[in-house]
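The values are calculated or read from the model by the stated rules, or taken from the named source; none is laboratory data. None of these values were measured; they are calculated from a predicted model. Virtual Cβ from ideal backbone geometry, glycine too; neighbours counted across all protein chains shown.
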Amino acid sequence: MTAAARHLTFGFPRMRNEPGERRAFLPSLMAVLSELGADSYVETGSGSAMGISDADYLAVSPRVHLVDEAEAYGQDVVTVLRAPEGRYELLRPGSILLSMLHFNTRPERVELLRKLWLEGLSASQIASELSNGITRNAVIGKVHRLGLAGRASPSRSERPRLSVSPRVSMRAHVPEPPVVEEDPIILEDGSFATVLTINDRMCRWPIGDPSENEFHFCGRKPKAGSPYCEAHARKAYQPQQLRRDKTRMAS
């Protein structure tokens with residue numbers, strides 16, 4: 001393990017669960033991180049719903065600290081089960097968020113997804129319409145859970161959707177060149193970049209399921225001013241850019 005890896009800090013904010021849910025990261029996880037030389041910052045009261053006291057976390061190791069919400073979100077790696085809606089501003093620049101990006105299940109948004117899917121829009125177009133951080137994969141997953149995978153009309157991925165309110169634009173549509181993702185970097189020991197080996201000179205685009213051992217990062221040289229390489233920076237920020245373009249055309 002490198003010297004940089006020993007100084008990694010992990011934040012565990014308290015999970016704001018829905019009524020009836022009981023979820024928290026167990027003290028045994030902090031014990032493993034402590035053995036690897038990492039400090040864990042656990043928000044006070046994190047395990048209360050599961051009968052885990054703050055003292056149970058502190059008893060694991062001197063490397064476990066009880067903190068408030070802001071300090072838990074201020075660490076190198078922040079781990080929380082659900083996407084922390086409304087709290088992204090607490091993350092410090094360059095930090096890593098490990099979370100499941102759940103599709104927002106408010107009834108009106110689910111109904112909108114259902115409507116757009118049955119109209120023939122592609123998953124990427126629906127994600128752009130819904131915005132709010134919704135990804136193409138999140139849309140596909142929700143479509144399957146709703147049983148909407150089959151539809152009579154083909155996806156309209158090759159033609160733009162007409163909005164309800166007609167808009168006049170004098171700009172010709174110029175399609176963006178495709179994003180070509182390169183294979184992740186393989187380190188000298190033959191492994192990929194992980195949360196214990198990643199640094200600020202490596203692309204932090206996550207690959208795989210954070211709960212699996214094979215989870216890793218791209219690791220390629222990042223684009224200036226971005227935590228991602230050129231290809232992943234375009235992939236991450238393209239929807240927001242398209243929304244800005246739409247706003248300028250509307251005005």
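Conditions tested, residue by residue: (1) under 19 Å from GLU212 (Cα atoms); (2) in the same structural domain as LYS223 (by TED's automatic domain parsing); (3) modelled with pLDDT of 90 or more.
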site	(1), (2), (3)
HIS7	no, no, no
ARG23	yes, no, no
SER48	no, no, no
ALA55	no, no, yes
VAL77	yes, no, yes
ARG87	no, no, no
Exercise. Just a yes or no: is a residue in the range 16-37 β-branched (Val, Ile, Thr) and either crowded, with 18+ Cβ neighbours inside 10 Å or more than 24 Å from ASN199 (Cβ to Cβ) (or both)?
Worked result: no
Problem set entry | Residues of the range 216-246 that turn out to be charged (D, E, K, R), modelled with pLDDT of 85 or more and surrounded by 13 or more Cβ atoms within 10 Å (Cβ to Cβ), as a count | 3
Exercise. Any residue at all in the range 125-138 that is at pLDDT 85 or above, within 28 Å of SER40 (Cβ to Cβ), within 20 Å of the chain's Cα centre (by Cα) and small (Gly, Ala, Ser)?
Worked result: no
Problem set entry | Selection status of ALA49, at negative phi, among the small types (Gly, Ala, Ser) and touching a residue at least 60 places away in the same chain (Cβ under 8 Å) | no
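The rows are residues; the columns are (1) of a type in the set (Val, Ile, Thr); (2) at pLDDT 75 or above; (3) not in a helix (DSSP H, G or I).
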{"site": "VAL80", "(1), (2), (3)": "yes, yes, yes"}
{"site": "PRO93", "(1), (2), (3)": "no, yes, yes"}
{"site": "SER99", "(1), (2), (3)": "no, yes, yes"}
{"site": "ARG114", "(1), (2), (3)": "no, yes, no"}
{"site": "GLY141", "(1), (2), (3)": "no, yes, no"}
{"site": "LEU148", "(1), (2), (3)": "no, yes, yes"}
{"site": "ARG156", "(1), (2), (3)": "no, no, yes"}
{"site": "VAL168", "(1), (2), (3)": "yes, no, yes"}
{"site": "GLU188", "(1), (2), (3)": "no, yes, yes"}
Exercise. Among the candidates ALA59, ALA83, ALA138, which residue alone is closer than 23 Å to ILE207 by Cβ and out of contact with any Phe, Trp or Tyr (no Cβ under 8 Å at 6 or more places or on another chain)?
Worked result: ALA83
For this session: Give just the number: which of (1) at pLDDT below 80; (2) in a helix (DSSP H, G or I) does GLU176 not satisfy?
Result: (2)
